[in-house]
Amino acid sequence: MLKNVTHQIAIPAILEVGRGRLAHMGQAIARAGFKKPVLFLGDGIQKLFGTDIETAMVGLDVIKAFEFDDNRFEQLTQIAFTIPSSCDVILGIGGGRVIDVAKYIAFLNNLPFVSVPTSTSNDSFSSSGCSLYVNGKRSSVQARMPHGIIVDLDIIRSAPEKFIYSGIGDLVSKITAVYDWQFEEYHGRARIDPFAVMIAKKSVNSVVRVRFDSIKDAFFLRELVDSLTMSGIAMEIAASSAPASGSEHLISHALDKILQTPYLHGIQVGVATYLMSLVHQHRFERIRTFLTETGFFEHVRSLGISREMFKKAIDLAPEIKPARYTYIHLEENRITAKRLLDEDPVLSSLLT
Ligand SMILES: [Zn+2]
């Protein structure tokens, strides 16, 4: 019997990315054969889009709409067990937090999940992972690939710019993530999946090469959303987060543990990506140009991220995933990374 010869992966059956898609969300859900959705609305969504959502869902029997995006594991599991058994699909509408919460609740109920992100702060809307607070700390938890993805570019554009910057930071990290993964394989500590590598590389390359006047250009946003979606698929192909998450993500996860109030995932990841690309000596010029031209660095400068905390995160990073073997797992590279925070002109201007 042929086994493990080719991959069988789950990919979303609904993929709607474009302008004005929220208004047609119900039709896409109905076309996919669902009749009785339960909705989870993120913070502020009811106020901003409540009427639009209600109109969009006409013809469907919406069982319940929860205004709930509490990403503490203990809280969301309580809600998870109140989902009526007649529900046939769960929708998460809002920012990254409600996407993760609704995705995990759908997973616990063995129900299909449809992602309707209103901002593009990371690739969670198209991946099986969730970022939840477990015992008070932000942690990565596995769920299942969304059954559908519906993205209204008009809404993404109207969201605060910090979410677009966060998406940019999370996307550009595929460059360092793939490099770390290849390093890991070179040292016999992992086996890369060539198809996942190809998709991850293509996803980031199409965005860093796109010409744009503003990050709010419809064309740029479309590229960003498509590429973040592809990044989620790359992880699914690899059955691991490795093609989308290397040493730069470990530094960000470490910051999540150290900081009282962590910054947006993609903001932390983007800074760590530029740092690690310097350590790698690989494509750092491209990353620097892209993060400068998009305004990402300028945004980071306004945040006042602590250099000392970043150094602590570099030291803690290997412990986040001790079984992996990325550049940051080697002490000499951690020393270089900490030195670069002081000496690289861009990095020294970003942190305080
Ligand atoms: Zn990420």
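Protein heavy-atom surface of the chain, 1.4 angstrom probe: 50% of the accessible area is carbon and sulfur, with nucleic acids and ligands not counted. On a 0 to 90 degree scale, rounded to 10, what angle separates helix 307-320 from the longest Cα axis of the chain? Rounded to the nearest ten degrees, it is 70. Evaluating 6.51 cos²θ - 1.76 cosθ + 1.60 at θ = phi - 60° for every residue in the stretch 106-116, the Karplus couplings come out as 4, 4, 5, 9, 6, 10, x, 10, 10, 8, 10 Hz, glycine and proline recorded as x.
As a rough guide to protection, the peptides 108-115, 304-311 ranked by mean Cβ packing within 10 Å, highest first, stand as 108-115, 304-311. How would the stretch 132-236 be classified by its alpha-carbon gyration tensor: rounded, prolate or oblate, with rounded meaning a/c under 1.5 and the a/b versus b/c comparison settling the rest? Because a/c hits 1.5 or more and a/b fails to exceed b/c, the stretch 132-236 counts as oblate.
Taking every protein chain into account, the accessible area of the chain amounts to 44 square angstrom per residue (probe 1.4 Å). Grab the beta carbon distance between Lys257 and Asn110, set R0 = 35 Å, and tell me the FRET efficiency rounded to 0.05. Efficiency at R0 = 35 Å is approximately 0.65. Between 0 and 90 degrees, the angle of helix 161-186 with respect to the longest Cα principal axis of the chain falls at about 60 degrees. Taking label points 7 Å from Cα along the Cα-to-Cβ direction, Arg211 and Asp154 give a separation of 2.9 nm. When the helices of the chain are scored as -39500 (n - 2.57) per DSSP H run of n ≥ 4 and the total is divided over every residue, the value at 222 nm lands at -16500 deg cm²/dmol.
The values are calculated or read from the model by the stated rules, or taken from the named source; none is laboratory data. Computed from a predicted structure; not experimentally measured. Cβ: placed from backbone, ideal geometry, glycine included. Neighbour counts: every protein chain shown. Remember, those area values only see protein heavy atoms, side chains included, never the ligands or the DNA or RNA. Shrake-Rupley method; radii C 1.70, N 1.55, O 1.52, S 1.80 Å.
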